Amino acid sequence: MADGPTLETERLLLRRWRERDRDAFAALNADPEVMEHFPSVLSAEESGQLLRRIDRHFEEFGFGLWAVEIKWAKRFIGFCGLAVPTFQTHFTPAVEIGWRFAKDQWGSGYATEAAKVVLDFGFEETDLEQILSWTVPTNQRSQRVMQRLGMKRAPELDFDHPRFLHDDRLREHVVFRITRPEWAHGPSSQG
Ligand SMILES: CC(C)(COP(=O)(O)OP(=O)(O)OC[C@H]1O[C@@H](n2cnc3c(N)ncnc32)[C@H](O)[C@@H]1OP(=O)(O)O)[C@@H](O)C(=O)NCCC(=O)NCCS
């Protein structure tokens, strides 16, 4: 697995994935609470396949879903990063910011802290004009992260996820957006 780009915050290191992350990532993906808003938990094999797809995404685009590690403990706790969706809908192509953290690490501000440096990267190191984030309406925790980042609801972008059937509980998605000028003038640019 390759190096870079690497991002850093006060408490966190966002880095490319290592072989040693495999088991902790599989445990996270096997947790029904972490995966509540996804179709199912992942088997160890499916988790490994996802890890390979994430790694390939970095090679293709130069960015991706970074592995997040607590610096002082050198402990892998989840991912946060930018992803180009492989499905098509009315607003694609697009770039999404996403996150997934181990349950015992929720409530520490890690997702928002990691996402801020990811948005810095997105607007400083690429020429993206906007970054989106989407989830199911019931995923309130994820929507609170979006709000804490200064992302705004964009109801005109809401969509039915094409990977799910009409009556699926996960089909309806709400979309949040942040634009380059909004991020430049947001709270993180003040300090
Ligand atoms: C979505 C998810 C990343 C949110 O994690 P989170 O820990 O709630 O989010 P944050 O990192 O922003 O943490 C904010 C919480 O930490 C608290 N906190 C504690 N110390 C803090 C600090 N130093 N700085 C900031 N917040 C802190 C905040 O008060 C807030 O608590 P609250 O939820 O009780 O109001 C997490 O629930 C998750 O991984 N879910 C499963 C995967 C998923 O659904 N991903 C999204 C798919 S679209």
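For a quick check: sort Glu172, Glu69, Glu124 by the number of other beta carbons within 10 angstrom, fewest at the front.
Working: Glu172 14, Glu69 20, Glu124 10.
Result, fewest neighbours first: Glu124, Glu172, Glu69.
What distance in nm lies between label points placed 7 Å from Cα along the C-beta direction at Arg20 and Trp106?
If labels sit at Arg20 and Trp106, their model points lie 2.8 nm apart.
Sort His37, His166 so the one with the fewest other Cβ atoms within 10 Å of its own Cβ comes first.
On the way: His37 15, His166 6.
So the ranking, lowest neighbour count to highest, is His166, His37.
Given Lys74/Lys116; Lys116/Lys152; Lys103/Lys152, which pairs have Cα atoms separated by over 24 Å? Numbers along the way, then the final one.
Numbers: Lys74/Lys116 20 Å; Lys116/Lys152 15 Å; Lys103/Lys152 26 Å.
Those over the limit are Lys103/Lys152.
Roughly speaking, what is the centre-to-centre gap between segment 127-160 and segment 67-97 when only Cα atoms are used, to the nearest Å?
The distance from the Cα centre of segment 127-160 to that of segment 67-97 comes to 14 Å.
Given the Cα-Cα distance of Glu59 and Val41 and 0.36 nm per residue of separation, how much length would full extension add, in nm?
Working: separation 18, 0.36 × 18 = 6.48 nm, distance 2.64 nm.
That works out to 3.8 nm of additional length.
Taken together, the values in this text are just the output of simple stated rules run on the coordinates, not laboratory data. Note that the structure is a prediction, hence the values are computed from the model and not measured. Every residue, glycine as well, gets a Cβ built from its backbone with ideal geometry; the counts of neighbours run over all protein chains shown.
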